[in-house]
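Student: This is the structure I want to talk about, given as structure tokens.
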Amino acid sequence: MLSVVGLGTGTIPVAGVVASVIALLASSLGAILTTRWRDETPLLATTSWQLTAGGVALVAVAAMVEGRPPRVDAAGLLAYVGIAVIATALAFVCWFTGLRHLPAGTVGLIGLLNPVTGVLLGVAVGGESLAVPQVGGIVLVLAAIAVTSGARGRNLSPGRSVGDRS
């Protein structure tokens, strides 16, 4: 992600690196278990339970580290609801739909678009600007996806589509 957002001038805190590694491992484990434990449970129910479990874990850690949460006004509550519904619930329903219907390699490639999307939203919505290193990082990510997608397509046997799992 540093190639997309640029290099910072400060030091990288060890606690942040550890938290990032734990988040990556938890996300990877969740994706693996989601693909492995397929059943007839409705997608919305599965997503809801996973978000609830994650929320409970985050509240527990936040309470231990930060203590009591601050007061939230009406504008803050509205912003929170927007983030919870659009950026979390809708995004996770889309993610788990992809996990159910796409091969793992394709889902992994889609995940590479997360930092690109964040940076481009910052430009479009937040009024941020891009420097040459950020544009180069975005181009590298898109090129990697294109090259990898092309290689995967060439490795398929005749009569077999990307979505086939056999």
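Student: Compute the projected area of the convex hull of the Cα atoms of region 5-56, averaged over all viewing directions, and report it in nm² to one decimal place. Don't skip to the answer; put the middle values down first.
Tutor: Details: hull surface 21.3 nm².
Computed as one quarter of the Cα hull surface, the answer is 5.3 nm².
Student: Calculate, for Thr106 and Leu78, the FRET efficiency according to 1/(1 + (r/R0)^6) with r their C-beta to C-beta distance and R0 25 Å; round to the nearest 0.05.
Tutor: Working: r = 35 Å, r/R0 = 1.42.
Efficiency, from the Cβ-Cβ distance: 0.10.
Student: Report, in whole Å, the centroid distance computed from the Cα atoms of region 43-69 and region 97-137.
Tutor: Centre-to-centre distance over Cα atoms comes out at 25 Å.
Student: Can you tell me which of 105-117, 44-56 comes out highest on packing, and rank the rest after it, using the mean Cβ neighbours within 10 Å?
Tutor: Working: 105-117: 14.8, 44-56: 13.3.
Per-residue mean Cβ counts within 10 Å order the peptides as 105-117, 44-56.
Student: I've got another one for you. Testing the spin-label approximation: label points 7 Å from Cα along Cα→Cβ at Leu58 and Ala131. State their distance in nm.
Tutor: With each label point 7 Å from Cα toward Cβ, the separation is 3.0 nm.
Student: Ok, one more. Just to confirm, what accessible area per residue do you get for region 21-95 at 1.4 Å probe, in whole Å²? Before the final figure, lay out each step's value.
Tutor: Values: 6150 Å² over 75 residues.
Ligands and nucleic acids excluded, the figure is 82 Å² per residue.
Student: On each of the three principal axes of the Cα atoms of region 1-128, give max minus min coordinate, whole Å, ordered largest first.
Tutor: 44, 36, 32
Student: Whenever you get a sec, compute what percent of the accessible area on region 20-126 sits on carbon and sulfur atoms (1.4 Å probe).
Tutor: Numbers: 5810 of 7810 Å².
That fraction is 74 percent.
Student: Using a Förster distance of 30 angstrom, determine the FRET efficiency expected from the C-beta separation of Asn114 and Leu51, and round it to 0.05.
Tutor: On the way: r = 17 Å, r/R0 = 0.58.
Given R0 = 30 Å and the Cβ-Cβ separation, E is 0.95.
Student: Kindly identify region 56-99 as rounded, prolate or oblate by the Cα gyration tensor criterion: order the square roots of the eigenvalues as a ≥ b ≥ c, call it rounded if a/c is under 1.5, otherwise compare a/b with b/c, prolate if a/b is larger, else oblate. Each step should come with its number before you reach the end.
Tutor: Numbers: a/c = 5.60, a/b = 1.45, b/c = 3.86.
Verdict is oblate for region 56-99.
The values are calculated or read from the model by the stated rules, or taken from the named source; none is laboratory data. If you're wondering where the values come from, they're calculated on a predicted model, not measured in any experiment. We place every Cβ from the backbone using ideal geometry, glycine too, and count neighbours over all the protein chains shown. Just so you know, the surface numbers come from the protein's heavy atoms only, side chains and all, with ligands and any DNA or RNA stripped out. Shrake-Rupley method; radii C 1.70, N 1.55, O 1.52, S 1.80 Å.
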